[in-house]
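What follows is one structure encoded as structure tokens, with my remarks underneath.
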Amino acid sequence: MAQHSPPSAAAPRHPGAGRGRAAGTPKGRQVEAAALAEVQDLLGDAPRRRDLLIEFLHRIQDRYGHLSARHLAALAQELRLAMAEVYETATFYAHFDVIEEGGAPPPALTVRVCDSLSCMLAGGEKLQADLTRAMPGARVVRAPCMGACHNAPACHVGHNLVEHATVDKVRAADRHAQPPRSALGFEAYRKAGGYGQLAELLAGKRQPAELIATMEASNLRGLGGAGFPAGRKWRFVLQEPAPRLMAVNADEGEPGTFKDRHYLETDPHRFLEGMLIAARVVEAAEVYIYLRDEYPGIHALLAREIALVEKAGLAPHAKVHVRRGAGAYICGEESAMLESIEGKRGYPRHKPPFPSQVGLFGRPTLIHNVETLYWVRDIVDKGADWFASQGRRGRKGPRSFSVSGRVKNPGVKLAPAGITVRELIDEFCGGMQDGHRFKAYLPGGASGGILPASMADIPLDFGTLEPHGCFIGSAAVVVLSDKDDMKAVALKLMRFFEDESCGQCTPCRAGTEKAAVLMTRARWDQALLDELGQAMADASICGLGQAAYNPVRSVFKHFREEL
């Protein structure tokens, strides 16, 4: 090996010089004046705050189709952040295309083909192969669930969602999303009595304590998956010291889930009124709606309708912000969502403290999902008994089931809590597809486990499925038939968790990857997989790793004949 002599004492090196850098050049990546001007133009007069980092990354990505190193460096300087902070955030999210120095930008058109379970059942894998051949000038890539499981297969062409996708429909699709046309607008909602309950609360005709008691009596629980009683959550947040904040989880990324999308597209103001009522009750001065990036049309819709609400003077107590996600399932976990709203990677936080105590920006924070807030207005208007009286088998309330898979009429089905999947299929979905015999079902999305058709008479609600190793979660029901290979189903779900693991903790990061490898073998090693699954359940930081093994455990328990 060649020996390197130290620099000559007669010619000392400049302290700023380094390998590949001329003497006198400052350390680090230098910001190009042109790139800085381009970023400043995109940011306009927006405040230069750390929590807006992801919003600013979206602006650059939307304008240029990718994130170049020169623009990232300029953005870091503009926000007075270290380049590493900007880079680690940009590379965490799947929808940001970060191009390294000297790298080629992606093609002008990107087509993302959903590879979730429902789209796999509808031929999504063949569609991706066909599109790759038919569109050689485009970048065709697989992507996780797009919230269109009932209209599978689905694709995103640029920012436009294409449902029941075919090669011809994708070729002809516009690249730009449009706001949903079916939404009930502000004026129509007000004419139907909308915002009356909020107005009474703001005028002092209804008291926060009264509304909390009503919510507790209704037995409304969080409908995003955890099922925590909503009224009790309001009480917990209100007892914490001000100032308080509120965050809305509209990042429904669980494969099979699309109910929040349905309500936002059809009746957004019922949700917004419930949200503003909750914000007033807990005295939250600001509300952050965290919306998944797969719903660009809804983003435009909410921006328009919230502006009308504010103009009408119906939100004097709370400033409403809409923030876009960027393609990270983990941000459906409440603390990871808070991190993302703050402009960081979506890493789940350790608990305690809980978000009701130390949440967004370190403040006590009320967190709800869209459907939970959707019911608030009607509960306040019609009373707790109205809501609690609608269940079956002693269960309370209506539930919105996202049904997809092998049924004739998939979609969002508003049904009584406690209904069975057999009743759901027969009464609400028109039965099974022709030529398919009911074999199994996922009662709660990818992480909720799998049950056989012989267990189709269990009430679907909180607490009824846990004794069988499953849970209802966000009520994403995927129906499977005798045409489906259960090992392939479980592997598809495990690969989803592998892709979506944030990587923060080793049990989840390494466990999902190792499990997926073991599951590709012709014969599954149950002892090894069970040991791995138990380690993930015991030691993962959040629910992703803790529940990732549920589908595999279900296959060993209920479908052993297929192993």
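The values are calculated or read from the model by the stated rules, or taken from the named source; none is laboratory data. The structure displayed is predicted, hence computed values, not measured ones. No Cβ is skipped: glycine too gets one built from the backbone with ideal geometry, and neighbour counts run over all protein chains shown. Side chains are part of the model used for accessible areas, which takes the heavy atoms of the whole protein and leaves out ligands, DNA and RNA. Shrake-Rupley method; radii C 1.70, N 1.55, O 1.52, S 1.80 Å.
A few points about this structure:
- Conditions (1) open to solvent by less than 10 Å² (accessible area, probe 1.4 Å); (2) outside any loop (DSSP other than H, G, I, E, B); number of the one not met by LEU308: (1)
- Just one of (1) surrounded by 23 or more Cβ atoms within 10 Å (Cβ to Cβ); (2) of a type outside the set (Asp, Glu); (3) over 25 Å from LYS191 (Cα atoms) fails for ALA285. It is (1).
- Residue within the range 409-418 that is in contact with an Asp or Glu (Cβ under 7 Å, 6 or more places away or on another chain) and closer than 18 Å to PHE258 by Cβ present: no
- Counting residues in the range 476-497 that are under 24 Å from the mean Cα position of the chain (by Cα) and over 16 Å from SER116 (Cβ atoms) gives zero.
- Looking at the range 369-414, the helices (runs of 4 or more DSSP H) lying wholly inside it that each contain 1 or more residues that are crowded, with 22+ Cβ neighbours inside 10 Å and not hydrophobic (A, V, I, L, M, F, W, C) sit at 370-374, 376-382.
- Selection of first residues in the range 310-324 that are within 18 Å of ALA247 (Cα to Cα) and in contact (Cβ under 8 Å) with a residue 24 or more places away in the chain and of second residues that are buried (at least 16 other Cβ atoms within 10 Å of the Cβ) and of a type in the set (Lys, Arg), restricted to Cβ pairs under 9 Å at least 6 apart or on distinct chains, gives the following pairs, ordered by first then second residue: HIS317/ARG280; ALA318/ARG280; ARG324/ARG292.
- The C-beta contact set for the range 347-371 (first residue over 11 Å from PRO243 (Cα atoms), second residue open to solvent by 60 Å² or more (accessible area, probe 1.4 Å) and in a loop (DSSP other than H, G, I, E, B), distance under 8 angstrom, 6+ apart or interchain) comprises TYR347/GLN504; PRO348/GLN504.
- Residue in the range 64-75 that is farther than 17 Å from GLY158 by Cβ, out of contact with any Pro (no Cβ under 9 Å at 6 or more places or on another chain), of a type in the set (A, V, I, L, M, F, W, C) and surrounded by fewer than 16 Cβ atoms within 10 Å (Cβ to Cβ) present: no
- Qualifying positions in the range 454-471 - loosely packed, with under 15 Cβ neighbours inside 10 Å and either touching a residue at least 24 places away in the same chain (Cβ under 8 Å) or of a type in the set (S, T, N, Q) (or both): SER454, ASP457
- Members of the range 99-120 found to be surrounded by fewer than 23 Cβ atoms within 10 Å (Cβ to Cβ), closer than 29 Å to LEU491 by Cα and out of contact with any Lys or Arg (no Cβ under 7 Å at 6 or more places or on another chain), listed by number: none
Every residue, every condition in (1) farther than 30 Å from ASP485 by Cβ; (2) touching a residue at least 12 places away in the same chain (Cβ under 8 Å); (3) touching a strand residue (DSSP E or B) at 6+ places or on another chain (Cβ under 8 Å), yes or no:
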site	(1), (2), (3)
GLU32	yes, yes, no
LEU43	yes, yes, no
ILE60	yes, yes, yes
TYR64	yes, yes, no
ALA82	yes, no, no
THR89	yes, yes, no
PRO105	yes, yes, yes
ALA108	yes, yes, no
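- Total residues in the range 207-235, condition open to solvent by less than 30 Å² (accessible area, probe 1.4 Å) and either in contact with a strand residue (DSSP E or B) (Cβ under 6 Å, 6 or more places away or on another chain) or closer than 28 Å to ARG292 by Cα (or both): 9
- Residue within the range 236-254 that is surrounded by 22 or more Cβ atoms within 10 Å (Cβ to Cβ), over 24 Å from PHE387 (Cβ atoms) and not acidic (Asp, Glu) present: yes
- Residue check for LEU563: of a type outside the set (Asp, Glu), more than 30 Å from ARG349 (Cα to Cα) and modelled with pLDDT under 95: yes
- When ALA476, ALA446, ALA488 are checked against the criterion of being modelled with pLDDT of 95 or more, crowded, with 20+ Cβ neighbours inside 10 Å and not β-branched (Val, Ile, Thr), a single residue qualifies: ALA476.
- Selection within the range 438-447: residues that are touching a residue at least 40 places away in the same chain (Cβ under 8 Å) and part of a strand (DSSP E or B). The member of this set that is nearest to PRO229 (Cα to Cα) is LEU442.
- Considering only residues in the range 337-368 that are on the phi > 0 side of the Ramachandran plot and more than 20 Å from the chain's Cα centre (by Cα), the one that is surrounded by the most Cβ atoms within 10 Å (Cβ to Cβ) turns out to be PHE361.
- Elements of type helices (runs of 4 or more DSSP H) contained in the range 200-304, each with 2 or more residues being closer than 30 Å to VAL478 by Cβ and touching a residue at least 12 places away in the same chain (Cβ under 8 Å): 230-238, 259-266, 268-282
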